[in-house]
Amino acid sequence: MQENQSHQHAAPEGSAPLPPPDQFWDGFYRESTQVWSGNPNALLVREVEGLKPGTALELGCGEGADAVWLAKQGWDVTGMDISAVALERAFAHAREAGVENLVTLVEADLADWSATDSGTDHGYDLVCAQFLHSPTDLPRNAILQRAVSAVAPRGRLLVVGHQGFPPWGRHPVPDPALPTAEELAAELGLAERGWIIETAEAIPRTVQGPEGQEAVIHDNVLLARRGA
Ligand SMILES: C[S@@+](CC[C@H](N)C(=O)[O-])C[C@H]1O[C@@H](n2cnc3c(N)ncnc32)[C@H](O)[C@@H]1O
């Protein structure tokens, strides 16, 4: 995949253009007092439970359920997101859970982020991104390339993402198609760099639409470990 290719997507033809990403996501979060469930993503829990805690960087942490779960497991977490509204909720969530001392939240546009300003000289023991997708412009591939550089020796990269979206909702059909976990590992050049692929799977999930309709979508999970 080309470095400048974005996995996300102009507004569908005929609809009004979307606002810039920060405004879009602040508006999205303001639509309700809590957008997500507050529970951590099941695939994050499945892949990280049992790992020895260390430092973690979460890209696109949203309202903070995953960052708080990581902190409760003993990880020292930095969460980054473009939405100040989401980060305020993430901070409140961390404080309620009594783990605010283990959670650092950074408002940043990941399109402009680089691993060298990620807050550590040595890299993180875990860099993760759960559902880092956006209907507005998001150079996801370039961001994940930088995520690879932010992993410490012997550390891990975890990417959980959609393989597709249900036919309802605001996400247009991704063009180019979203990569499978194996394709993502290849795009990131992990094997050539001596990384060990620990998990590369597509997990089916049944989702319900606003009118009770059902669809099976797949979530991709890639967990890879950097060599020494
Ligand atoms: C689909 S949500 C997923 C949130 C969370 N990871 C989860 O699984 O619940 C995508 C998140 O990415 C954030 N995001 C989108 N574009 C971004 C960008 N350019 N820089 C930083 N964060 C961004 C959004 O604000 C949102 O919180």
> If we keep just the residues of region 14-28 that are of a type in the set (A, V, I, L, M, F, W, C) and surrounded by 10 or more Cβ atoms within 10 Å (Cβ to Cβ), which is farthest from GLY64 (Cα to Cα)?
Replying inline: LEU18
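Select from region 29-39 the residues that are open to solvent by less than 50 Å² (accessible area, probe 1.4 Å) and more than 19 Å from GLY161 (Cα to Cα) and write down the one among them that is farthest from the ligand (Cβ to nearest atom).
Here is the first cut: in region 29-39, the ones open to solvent by less than 50 Å² (accessible area, probe 1.4 Å) are 29, 32, 35, 38.
Now narrow it down to the ones that are more than 19 Å from GLY161 (Cα to Cα): 29, 32.
Details: TYR29: 7, SER32: 14 Å.
Of everything passing the filter in region 29-39, SER32 is farthest from the ligand (Cβ to nearest atom).
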> In region 85-128, which residues are of a type in the set (Val, Ile, Thr), closer than 16 Å to LEU70 by Cβ and either within 13 Å of the ligand (Cβ to nearest atom) or touching a residue at least 60 places away in the same chain (Cβ under 8 Å) (or both)?
Replying inline: VAL106, THR120, VAL127
> Filtering region 129-151 down to residues that are part of a loop (DSSP other than H, G, I, E, B) and small (Gly, Ala, Ser), which residue is nearest to the ligand (Cβ to nearest atom)?
Replying inline: SER134
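Pick from ARG154, ARG146, ARG205, ARG140: which is free of Cβ contacts under 8 Å to residues at least 24 places away in the same chain and within 25 Å of TRP69 (Cβ to Cβ)? Spell out the reasoning first.
Values: ARG154 fails: free of Cβ contacts under 8 Å to residues at least 24 places away in the same chain; ARG146 fails: free of Cβ contacts under 8 Å to residues at least 24 places away in the same chain; ARG140 fails: free of Cβ contacts under 8 Å to residues at least 24 places away in the same chain.
Result: ARG205 is the single residue among ARG154, ARG146, ARG205, ARG140 that is free of Cβ contacts under 8 Å to residues at least 24 places away in the same chain and within 25 Å of TRP69 (Cβ to Cβ).
Restricting to region 105-136, what's the tally of residues that are of a type in the set (S, T, N, Q) and more than 16 Å from the chain's Cα centre (by Cα)?
Residues of region 105-136 of a type in the set (S, T, N, Q): 114, 116, 118, 120, 130, 134, 136.
Filter once more, so that each one left must be more than 16 Å from the chain's Cα centre (by Cα): 116, 120.
Number of matching residues: 2.
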>> For PRO179, only one of the following conditions fails: (1) surrounded by 20 or more Cβ atoms within 10 Å (Cβ to Cβ); (2) part of a strand (DSSP E or B); (3) away from the ligand (no atom under 16 Å from the Cβ). What is its number?
In response: (2)
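The values are calculated or read from the model by the stated rules, or taken from the named source; none is laboratory data. Keep in mind it's a predicted model, so treat the numbers as computed, not measured. Glycine also receives a Cβ, built like all others from the backbone with ideal geometry; neighbour counts cover every protein chain displayed. Side chains are part of the model used for accessible areas, which takes the heavy atoms of the whole protein and leaves out ligands, DNA and RNA. Shrake-Rupley method; radii C 1.70, N 1.55, O 1.52, S 1.80 Å.
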